[in-house]
Amino acid sequence: MPTHPLDLPSLKQALEAHLCQTSAISDLNGLHVFAHGEANVIFRFAQTRLVRVAVNTPNQRFGGDVWRVTQFEQDILRYLAGTGIGHEVQAAHVNPTPDFPYTYLVTNYLEGVPLDYSRSHLHACAQTLAQLHRLPRSESYTLDRLPNVPTIAQPLTLFYQEAKDYAQPYLESSHADPEIVEMIRVVLDQAKTRLQSEPLLDNYPHRCLVHGDHTYENWVINPQRAHLVDWEWAEIGSPAGDLGHFLSPVTICRRQGYALPPADRAFFLQSYYAALEDSDLAERVQRHFAAFGVFPAVRSLCWTAGYWITANQWYAEADTPNAVDRVRRLQESRQQFPSLWQAVMEWLDEAI
């Protein structure tokens, strides 16, 4: 991971010069930084197009190779082409060149706003996730079209182990709060007791493309539909992985400390199961969600504690609005941790 802020003006200048030499790009008008996150810098130009430049990857599956992220997302967006679920790829630069040592995707610009957890937004997101999860039941969207996307065969076991790994930097830190250390150990012990329910997923099999990162900023919602962006954490696995991450109190809290009321949680799930339009598939996903749904929340909770230790100081040094907001959320998560832990524990206590 970088240890200092990117030189955004220089990056913009290099990208602009590179695009001007690229025959696939025309009408390079008004190129400007649209969004800047940990993994990508997104530029907008010609009003209707985006350039998503990969500058970092916190995702260990790519072994620190940022270039692979662009190819990975291109493969997924091509699989989804024509569905409206995500962006449409218009051009790609998947191999760095001397004049521009980064990779990027050029896509359409999606009109809309981030997820706000209103009933209308919950319904729109439920519709999109149901569409995504039922795709493999169509011959046009078989999963063999995604050979480079990892398949998760034992998600409970994997997520439990990842939760332990994410928490370890905090558990080993000399600055760790003993009360939070105990919370982490308790939640991991409780999650471990639920691993015995993993065979339920094999008894009711269904695998599909799963987005896996439902932070409110990764949704673009307009009056017509909800779109999903940023597919770096996608995998092939149980649809309950998406439902669990979407409903995780840790995920939801990222939007101004929000907590989803139980009635809205039930509304989202009812909307989703109805949108599947397939009673057999709905039963399978319900079984998956009962067994696996809480594990993304357990993993996110443990990741949060570990990230307090491993977070790169780049955020503290950067002065972009995105970086400042991330630092603020990192600090707030320390105060929110006990209430988030309580919510995850209550979910773990639910009967399977």
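Can you pull out the residues in the stretch 128-161 that are in contact with a Phe, Trp or Tyr (Cβ under 8 Å, 6 or more places away or on another chain) and assigned to a helix (DSSP H, G or I)?
Leu129, Ala130, Leu135, Tyr141, Arg145, Pro155, Leu156, Phe159, Tyr160
If the requirement is being aromatic (Phe, Trp, Tyr), farther than 23 Å from Ala35 by Cα and surrounded by fewer than 19 Cβ atoms within 10 Å (Cβ to Cβ), which of these qualifies: Tyr170, Tyr160, Tyr204?
Criteria check complete, one pass: Tyr204.
Return the only residue of Ala316, Ala297, Ala343, Ala305 being farther than 20 Å from Ser248 by Cα, part of a helix (DSSP H, G or I) and either of a type in the set (A, V, I, L, M) or modelled with pLDDT of 70 or more (or both).
Result of the check over Ala316, Ala297, Ala343, Ala305: Ala316.
Could you list, in sequence order, the residues of the stretch 188-200 that are surrounded by fewer than 23 Cβ atoms within 10 Å (Cβ to Cβ) and touching a residue at least 12 places away in the same chain (Cβ under 8 Å)?
Leu188, Gln190, Lys192, Arg194, Leu195, Ser197, Glu198, Leu200
Between Leu195, Leu171, Leu209, which is in contact with a Lys or Arg (Cβ under 9 Å, 6 or more places away or on another chain) and not β-branched (Val, Ile, Thr)?
Leu171
Can you go through Gln74, Gln90 and tell me which one is outside any helix (DSSP H, G or I) and touching a residue at least 24 places away in the same chain (Cβ under 8 Å)?
Of the residues listed, the single one that is outside any helix (DSSP H, G or I) and touching a residue at least 24 places away in the same chain (Cβ under 8 Å) is Gln90.
Specify the residue that is nearest to the chain's Cα centre (by Cα); the eligible residues are those in the stretch 72-102 that are modelled with pLDDT of 95 or more and polar (S, T, N, Q).
Gln74
What is the number of the single condition among (1) buried (at least 18 other Cβ atoms within 10 Å of the Cβ); (2) touching a Cys at 6+ places or on another chain (Cβ under 8 Å) that Phe100 does not meet?
Checking Phe100 against (1) buried (at least 18 other Cβ atoms within 10 Å of the Cβ); (2) touching a Cys at 6+ places or on another chain (Cβ under 8 Å), the one that fails is (2).
Across the stretch 195-233, what is the number of residues that are part of a helix (DSSP H, G or I), of a type outside the set (Phe, Trp, Tyr) and more than 22 Å from Arg134 (Cβ to Cβ)?
Residues in the stretch 195-233 being part of a helix (DSSP H, G or I), of a type outside the set (Phe, Trp, Tyr) and more than 22 Å from Arg134 (Cβ to Cβ): 5 in total.
Return a yes/no flag: does the stretch 155-164 have any residue that is touching a strand residue (DSSP E or B) at 6+ places or on another chain (Cβ under 8 Å) and assigned by TED's automatic domain parsing to the domain that holds Pro261.
yes
Check whether at least one residue in the stretch 209-224 is buried (at least 22 other Cβ atoms within 10 Å of the Cβ), farther than 24 Å from Arg61 by Cα and either at pLDDT 95 or above or of a type in the set (Lys, Arg) (or both), and report yes or no.
yes
Could you check the stretch 42-58 and list, in sequence order, the residues that are buried (at least 17 other Cβ atoms within 10 Å of the Cβ) and closer than 21 Å to Tyr307 by Cβ?
Ala54, Val55, Asn56, Thr57
The values are calculated or read from the model by the stated rules, or taken from the named source; none is laboratory data. These numbers were taken from a predicted model, which means no experiment stands behind them. Please note: Cβ atoms are built from the backbone with ideal geometry, for glycine as well, and neighbour counts cover all protein chains shown.
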